[in-house]
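Here's the structure we're looking at; comments come further down.
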């Protein structure tokens, strides 16, 4: 078993993999802060250059990139503050889940 020296919260999956626990709200806030720092520190980037769409795009990229390393807990399920980009993604996946492999479509 790996020995971790940091204070990160981890879980052990059924297959024995150890994954770091992340919270969706914390990841999104960290991305926003990092974008703000980049805007403030660079003379080439105007304030307000990064939009909420950029935040969500980077969030989705990070989820794909760290899918084997992170277990992300959605602590924003009841939040009304979610933007339209996220809601569109949810609707798309919701429709896909109900149409692909739906048993009612295969009845004789």
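No lab work stands behind these numbers, since they all come straight from the coordinates. As the structure is a computational prediction, the values presented were derived from the model and not from experiment. In this analysis, Cβ positions are derived from the backbone assuming ideal geometry, glycine residues included, and neighbour counts consider all displayed protein chains.
The calculated FRET efficiency for the pair residue 21 and residue 41, based on their C-beta separation and a Förster distance of 41 Å, comes to about 0.85. The Cα atoms of segment 10-75 give a gyration tensor whose axes a ≥ b ≥ c have a/c of 1.5 or more with a/b greater than b/c, which makes the shape prolate.
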